[in-house]
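Student: Input: one structure, supplied below.
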Amino acid sequence: MALQAAALLPSALSVHKEGKSNASLKDTVFFGASLSDHLKFDSNPTARTKMEFSQGKLSIGPIRAQTAVTTPSMNQAAQEGKKTLRKGNVLITGASSGLGLATAKALAETGKWHVIMGCRNFLKAEKAAKAVGIAKENYTVMHLDLASLDSVRQFVDNFRRSGKPLDVVVCNAAVYLPTAKEPTFTAEGFELSVGTNHLGHFLLSRLLLDDLKQSDYPSRRLIIVGSITGNTNTLAGNVPPKANLGDLRGLAGGLNGINSSSMIDGGEFDGAKAYKDSKVCNMLTMQEFHRRYHEETGIAFASLYPGCIATTGLFREHIPLFRLLFPPFQKYITKGYVSEEEAGKRLAQVVSDPSLTKSGVYWSWNKDSASFENQLSQEASNADKARKVWEISEKLVGLA
């Protein structure tokens, strides 16, 4: 997410502990217009006489059958047209600030989307939406605490009771505790960064997959925000502490810090590494979703790195000197700085742009703000590790 290139600061500033032709006429549509609206047939004998030709009478039946024949492509076009008559419904986690809020604003402003803002703090989210000018009819705030699996399940129940269809899910919320000396834990006892960023989103996505399957929206998508810092094939990803899931012994042990390590690889706790590890899990999860469900469902699964949002609130737990110097460092030295507004537009593209429908892709943007398919690191694209993370995570969240 917004951590992106934080590690590029000089070492003095880094904290290393961080079918058939029998359709009825009324259902026949050409160029968006129903034939039944324009062709009226009177069944009385006088009217039928007007349909006679010198070669014989042309009955109403054959006329109906001929006008009702439509090609598959026309049927599909008509169906797609019907699907797009309503607004799309998109869930964005962590939408009360930063990238999530900027994305919510960008989508709501198009008038084509209704945003479900899944947030821990209901009042904060309402105030944030109002402050950035999102029209009330374009969003709904719903309580969601990803650090509690019970809260995740309750959110899903509440959403289904609302009767709204669900078309796109954006897993954006994240916890980043780079200066923490000791681990903190979720309601179920998982280390907080991985428990929130990965396990909370894993359960949410798995439960909402059925809702996405039932959607009649033309392009259904599930998007999990990644990070450049979780990719060791980048400069930022190679600054210590580097992401490394190891043999997953800590994850398999429950990340509780009692019976096992609170770190995925079984090592000593490091707040910054815990965040990076969680983002590797996010990117692996996206790929496993793609392998398991894309062909069957048609849902597009994607991840992305929207750029370095150096001014985001994600860095609120970092040391003051870092927060002071990191934004100008990114703006003037690395040239990697991206505003929250621009990053929000980029994520909104992955939600709605017809050109970004490819599944299993990790999207990035170049200096001209053009999107492209980026390459993940060896670990973040390891199919065997993705499967193992998936299977262990299923057990931890109670799905297996």
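The values are calculated or read from the model by the stated rules, or taken from the named source; none is laboratory data. Treat the numbers as computed from the prediction; the structure is a model and nothing was measured. Cβ: placed from backbone, ideal geometry, glycine included. Neighbour counts: every protein chain shown. The protein model used for the area step is the full one, side chains on, heavy atoms only, and it has no ligands, DNA or RNA in it. Shrake-Rupley method; radii C 1.70, N 1.55, O 1.52, S 1.80 Å.
Student: For the range 262-281, give me each residue that is within 30 Å of S359 (Cβ to Cβ) and buried (at least 24 other Cβ atoms within 10 Å of the Cβ).
Tutor: I264, K273, A274, Y275, K276, D277, S278, K279, V280, C281
Student: Taking N259 as meeting all but one of (1) touching a strand residue (DSSP E or B) at 6+ places or on another chain (Cβ under 8 Å); (2) open to solvent by 10 Å² or more (accessible area, probe 1.4 Å); (3) of a type outside the set (F, W, Y), write down the number of the exception.
Tutor: Status for N259: all satisfied but (1).
Student: List the residue pairs whose Cβ atoms are under 8 Å apart, where the first residue sits in the range 286-304 and is in a loop (DSSP other than H, G, I, E, B) and modelled with pLDDT of 95 or more, the second is of a type in the set (G, A, S) and surrounded by fewer than 22 Cβ atoms within 10 Å (Cβ to Cβ), and the two are 6 or more positions apart or on different chains.
Tutor: These pairs meet every condition: I299/S359.
Student: Could you please give the count of residues in the range 148-173 that are out of contact with any Lys or Arg (no Cβ under 8 Å at 6 or more places or on another chain) and within 20 Å of G226 (Cα to Cα)?
Tutor: Number satisfying all stated conditions: 4.
Student: Right, something else. Tell me whether the range 342-360 contains one or more residues that are at pLDDT below 95, among the acidic types (D, E) and under 24 Å from T179 (Cβ atoms).
Tutor: Checking the range 342-360: not a single residue is at pLDDT below 95, among the acidic types (D, E) and under 24 Å from T179 (Cβ atoms).
Student: Hey, can you tell me all the residues within the range 130-185 that are hydroxyl-bearing (S, T, Y) and surrounded by fewer than 22 Cβ atoms within 10 Å (Cβ to Cβ)?
Tutor: Result: T140, S148, S151, S162, T179, T184.
Student: Another one. When you scan the range 85-95, how many residues do you find that are open to solvent by less than 20 Å² (accessible area, probe 1.4 Å) and either touching a Phe, Trp or Tyr at 6+ places or on another chain (Cβ under 9 Å) or of a type in the set (A, V, I, L, M) (or both)?
Tutor: 6
Student: Just to be sure I understand the filter: pairs with C-beta atoms under 8 Å, separated by 6 or more residues or on different chains, first member in the range 215-228 and within 13 Å of A343 (Cβ to Cβ), second member β-branched (V, I, T) and part of a loop (DSSP other than H, G, I, E, B). Which pairs pass?
Tutor: Note: pairs meeting the criteria are I228/T234.
Student: Which one of these is of a type in the set (D, E, K, R) and surrounded by fewer than 19 Cβ atoms within 10 Å (Cβ to Cβ): E373, E379, E340?
Tutor: E373 is the lone residue from the list that is of a type in the set (D, E, K, R) and surrounded by fewer than 19 Cβ atoms within 10 Å (Cβ to Cβ).
Student: More than 23 Å from V152 (Cβ to Cβ), touching a helix residue (DSSP H, G or I) at 6+ places or on another chain (Cβ under 6 Å), surrounded by 24 or more Cβ atoms within 10 Å (Cβ to Cβ) and not acidic (D, E) - does that describe any residue in the range 207-230?
Tutor: yes
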